[in-house]
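Take a look at the structure set out below.
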Amino acid sequence: MTSNVSEAEATTEAAGVSEADRALGYEQARDELIEVVRRLEAGGTTLEESLALWERGEELARVCRRWLDGARARLDAALADESAESAADGKAGGTE
C-alpha cells in the first residue's frame, strides 16, 4: 500500500499540484472548482483573469481526480480482501 501512496504522490507532484492544494479535501476542491466554472461561464472577466481561473480550475480538477483515484484504490483493495476472505472461507468450508 505504501508504494501506491508514494506513486500517487509522485504523480501528483508531476502533475503540478501544490502542497496547499494537496491539503484540500475533496469537497473543498470540488466546491471551489464549481465556483471557478460558474465565474468562467458568467463571463465579464478579462483574458488574464479567465486564464488564471482556467489554470486554477485545472489544478482543482487534478486534486479532485487524486481524491477519486485514491477512493477507487481503497474500494478495490477492500473488495479484493473481501473476495480473498470469501475464497478462503469457501475452501475451509469444503474441507469439513
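The values are calculated or read from the model by the stated rules, or taken from the named source; none is laboratory data. Quick caveat: nothing in here was measured; it's all calculated off a predicted structure. Cβ sites come from the backbone with ideal geometry, for glycine too, and all protein chains shown count toward neighbours. Ligands, DNA and RNA are stripped out before the accessible areas are found, and what is left, the full protein with its side chains, is counted by its heavy atoms. Shrake-Rupley method; radii C 1.70, N 1.55, O 1.52, S 1.80 Å.
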> Once the whole set of protein chains is in place, how much accessible area is left on Trp67, using a 1.4 Å probe, in Å² to the nearest 10?
Replying inline: 100 Å²
>> Can you compute 3J(HN,Hα) from phi for each residue in the stretch 25-32, using the Karplus curve 6.51 cos²θ - 1.76 cosθ + 1.60 with θ = phi - 60°, rounded to whole Hz and x for Gly and Pro?
In response: x, 4, 4, 4, 5, 4, 5, 5
> With r defined as the distance between the Cβ atoms of Leu51 and Ala71 and R0 fixed at 30 Å, what FRET efficiency is calculated, to the nearest 0.05?
Replying inline: 0.45
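When the chain is fully extended, how far beyond the present Cα-Cα distance does Ser86 get from Asp31, taking 0.36 nm per residue of separation? Can you show the working numbers first?
Details: separation 55, 0.36 × 55 = 19.80 nm, distance 3.93 nm.
Taking 0.36 nm per residue and subtracting the Cα distance, the gain is 15.9 nm.
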